[in-house]
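Shown below is the structure under consideration.
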Amino acid sequence: MAVLSDPISDFLTRLKNASRAGNATFTAPFSKQKVEIARILSEEGYIWNYEVKSDGKYPEILVKVKYSDKGAPALTDLKRLSKPGLRRYVGAGEIPRVLNGLGITIVSTSKGVMTGAKASRQNVGGELIAKVW
């Protein structure tokens, strides 16, 4: 297995590739932050569900990708905003809107990982993780 410098980006890329390829599910190595991102994506309707599989040597996250009745993926695209080489932090009033409210921003705050809209309502800023639409 290769050493990854950005495991969150790897998780998001696996999600984007699985949805574009028409795969029903994909797996990724487990981390608490990835589980929180999967929880947000599930709540916002971009994936069906996720579960943590711990039956192997290392725990993994199994994610079920969501598609419409016509086979179009619910996830159009996503972009990683903060990277290991350049972290992006914003205040509560500086959280960007995605496609004028049609997408979501995922933010890691001192109160946990949440959507940008929820962080704005709670008046907390943090590190921008990704924008999803």
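Every number here is computed from the coordinates shown, using simple stated rules; none is lab data. Nothing here was measured: the structure is a model prediction, and the numbers come from that model. Neighbour counts run over all protein chains shown; Cβ positions are idealised from the backbone, glycine included.
Given charges of +1 on the Cβ of Lys and Arg and -1 on the Cβ of Asp and Glu, with all other atoms neutral, how large is the dipole of the chain about its Cα centre, in debye to the nearest 20? Walk me through the numbers on the way to the answer.
Working: 21 positive and 12 negative charges, 40 e Å.
My answer is approximately 200 debye.
What FRET efficiency do you get for residue 21 and residue 122 if R0 is 41 Å and r is their Cβ-Cβ distance, rounded to the nearest 0.05?
On the way: r = 36 Å, r/R0 = 0.89.
Rounded to the nearest 0.05, the efficiency is 0.65.
Another question, then. Among the lysines, which have Cα under 20 Å from the Cα of residue 70 when same-chain residues fewer than 8 positions away are ignored?
By straight Cα distance, residue 70 reaches 16.
In cubic angstrom, how much convex hull volume per residue do the alpha carbon atoms of the stretch 78-132 span?
69
While we're on this one: Which order do the peptides 83-91, 23-31 come out in when sorted by mean C-beta neighbours inside 10 angstrom, highest first?
23-31, 83-91
Ok, one more. Going down the list 57/131; 64/131; 34/66, which pairs span over 28 Å between their C-alpha atoms? Please report the intermediate quantities before stating the final value.
Values: 57/131 32 Å; 64/131 20 Å; 34/66 17 Å.
Table pairs above 28 Å Cα-Cα are 57/131.
Same structure, new question: Relative to the first principal axis of the alpha-carbon coordinates of the chain, what is the inclination of helix 32-44, with its axis defined by its Cα atoms, in degrees from 0 to 90 and to the nearest 10?
The helix 32-44 is inclined about 80 degrees to the chain.
Need the full-extension length gain, residue 42 to residue 110, defined as separation in residues times 0.36 nm minus the C-alpha distance. One decimal, nm.
22.3 nm
Under a point-charge model restricted to the Cβ atoms of Lys and Arg (+1) and Asp and Glu (-1), what is the dipole moment magnitude of the stretch 7-65 relative to its Cα centre, in debye to the nearest 20?
That gives the stretch 7-65 a dipole magnitude of about 160 debye.
Right, next: Considering the options 100, 85, 116, tell which one lies farthest towards the positive end of the dipole of the stretch 78-132, charges being +1 on Lys and Arg and -1 on Asp and Glu at the Cβ, about the Cα centre.
85
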